[in-house]
Amino acid sequence: MQNEIHQRDLIVGLQKGLALIQLFSKANPRLTVPQAAKMSGLTQSAARRFFLTLVHDGYLDTDGRYYWLMAKTLRLGQAYVDSAQFPRMVRPIVEYVASRTEEHASVGVIDDNELVYIARSKHTPFNSTSVRLGERVPIHCTAGGRLWLASLPEAECEAVLQRVTREQRTPYTVTDVPTLMERIAQVRRQGYASIEQEFEIGMLVIAVPLADREGLYWGALSLTSHQSRTSLEALCRDHLDLLYSAQAMLVG
């Protein structure tokens, strides 16, 4: 749980600068000042000054009209991976699970209604671009995302689903809220989540929740395979017990 911080102790400029960095995405790899101002709610004058400051410090570059991120921004995410307790704590167990199963193991946490991978195994027996360290993925069609949704009260879960973008990633992706609520109710009953080709064609995923000692969800331990290697039923049968054993080691 986050500590309560008084408004007077906040540096608003820092908040706005970080918010501007987060505007860049796959959909918006380059932004103009007017675009950034509109997306952020800042004036164009303020957005321009923030952008120029970030250019000066090496986080952005510009051609005079468009602005884009520089590699220096990777230091922000890498600092978390290198220093935060959770990634360092889970890495050995993630590698252990991968070595025992010969499948890909990862841990994801929820950030701003998205699942973010903070640890992943070096062992990857299939090609996939979707389980990368730091990758942000949607919650409606991922096992870790559905585990988090299942941890919420039902009304809050439905409100989140109504609010987020429910992209049709594959022909198998469930996007309508009533069906998603049924799938999430099943996750609550069984205590784990499974995804079959909803996020990526051929991809099979099972995941168990990670919680602190008070039972509050903080992440998910996932095992990912491919239809060319196994079936979802076999993945559960062969490896779910191992995931539960690893889960017990990761109680915060």
message = Using each residue's phi in region 180-192, evaluate 6.51 cos²θ - 1.76 cosθ + 1.60 at θ = phi - 60° and report the 3J(HN,Hα) Karplus result to the nearest Hz, with x for Gly and Pro.
response = 4, 4, 5, 4, 5, 4, 5, 4, 4, 5, 8, x, 9
key: Apportionment of accessible area to carbon and sulfur, the chain, percent (1.4 Å)   = 50
key: Distance in nm between pseudo-label sites at S228 and K38 (7 Å out along the Cβ direction from Cα)   = 4.3
ask   = Which of the peptides 185-198, 8-21, 168-181 is most tightly packed, and how do the rest follow, going by the mean number of other Cβ atoms within 10 Å of each residue?
value = 185-198, 168-181, 8-21
ask   = In nanometres, what is the gap between the two model label sites at V177 and Y96, each 7 Å from Cα along Cα-to-Cβ?
value = 4.2
remark   = All alpha-carbon distances of region 4-150, grouped into 10 Å bins from 0, give the whole-percent distribution 10, 30, 31, 21, 7, 0
query = Once you wrap a convex hull around the alpha carbon atoms of region 210-252, what is its projected area averaged over all directions, in nm²?
reply = 3.2
remark   = Scaled by the rule-of-thumb 2.2 N^0.38 Å, the alpha carbon Rg for the chain gives a ratio of 1.11
remark   = Rounded to 0.05, the calculated FRET efficiency for the beta carbons of Q168 and T53 at R₀ = 41 Å is 0.60
query = What is the chain's relative contact order, in percent, from Cα pairs under 8 angstrom and six or more apart in sequence?
reply = 14
inquiry  = From the phi angles alone, apply the Karplus equation (6.51, -1.76, 1.60; θ = phi - 60°) to region 47-61 and give each ³J(HN,Hα) in whole Hz, x where the residue is Gly or Pro.
reply    = 4, 4, 5, 5, 4, 5, 5, 5, 5, 4, 8, x, 8, 10, 10
task = Report the full-extension gain for the segment D61 to L14: residue separation times 0.36 nm, less the Cα-Cα distance, to one decimal in nm.
result = 15.0 nm
inquiry  = Explain nothing, just the number: relative contact order of region 110-199, from Cα pairs under 8 Å at least 6 residues apart, as a whole percent.
reply    = 30
message = Going by Cα centres, region 189-252 and region 47-64 are how many Å apart?
response = 42
key: Radius, Kirkwood style, for region 111-252 when every pair of distinct Cα atoms is counted (Å)   = 15.3
ask   = Looking at region 140-194, which GluC sites (Glu not before Pro) are DSSP coil and have at most 13 other C-beta atoms within 10 Å of their C-beta?
value = E167
ask   = Per residue, how much accessible area does region 152-252 show when a 1.4 Å probe rolls over the protein heavy atoms, in square angstrom?
value = 51
note = Length gained, K72-N28, 0.36 nm per residue minus C-alpha separation, equals 14.0 nm
task = Figure the gain on full extension for I201 and A155 (residue separation times 0.36 nm, minus the Cα-Cα span) and round it to one decimal in nm.
result = 13.5 nm
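The values are calculated or read from the model by the stated rules, or taken from the named source; none is laboratory data. None of the values given here were measured: they were computed from a predicted structure. All Cβ positions, even for glycine, are placed from backbone atoms using ideal geometry, and neighbour counts span all protein chains on display. Note: accessible area is taken over every heavy atom of the protein model, side chains too, but ligands, DNA and RNA are not part of it. Shrake-Rupley method; radii C 1.70, N 1.55, O 1.52, S 1.80 Å.
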